[in-house]
Amino acid sequence: MIILIGNNLFLINMANKISLSLVSFIFSVLVIFSLSNLSHSLVDNSTISENSFKEISIRGTISSNRDAFQDTGLGQSYFILPLRDDNATYSGTFTFTSTKPIQIQSFNILSVNNSLKLPIQYGTLYTVPINGSFLVSSDLLNQPQNTGTVQFSGNVLRAFANEPFIITYSFSGKIISSVVANNLSSALNVYKEITGTKT
């Protein structure tokens, strides 16, 4: 209980108002801080951080080797950007000049079970085994050529030809930690209908 007269009463009332304002301010700051932490944690859990990529730039001149995927012995290739242990994705610009017309191929990891049974009407993905993973190749050029520049994104990049070659090249881009987003539910449902295993 406060019993004061004159200016002293005024000072006590002001002190009470200031302390209420201070308490209110601190409460507001705590609420805002808590909400910002909550939204920050939601963002961190649902997106890739800015530090999940590394910029790289490489260049060189190489000679081809016998291609590991061909049984004929005629194929020649060179893996310019090899499969990484962390299965990261390369993304950037590749420029080359070759002594012979070559095809540039990007490979993506098949991130589903290679023995998964899917309906024939969906077609076939042809795979090659590399370091215990199955990969699907994509030709980046309409036809083999001696020089060119391609934009690409993939887990592996190689040069290929049916005869020995020398290539000088440069790559500038990023190595990115990738998120896998598979959805084969429609194909699996069709397979289950065909085989009578749909429940």
Inset, instruction - At 0.36 nm per residue, minus the direct Cα-Cα distance, what do LEU110 and ILE166 gain on full extension? Give it in nm, one decimal, please. - result: 17.2 nm
Legend entry - Whole-angstrom Cα spans of segment 53-178 along principal axes, big to small: 43, 39, 25
Inset, instruction - Starting from the amide H of ILE102, placed 1.01 Å from N in the peptide plane, find each other amide H under 5 Å away whose residue is 5 or more places distant or on another chain. - result: GLN145, ASN146
Legend entry - LEU110 long-range amide H proximity, modeled H, under 5 Å: PHE134, LEU135, VAL136
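Just so you know, all these numbers are worked out from the coordinates, no wet-lab data involved. As the structure is a computational prediction, the values presented were derived from the model and not from experiment.
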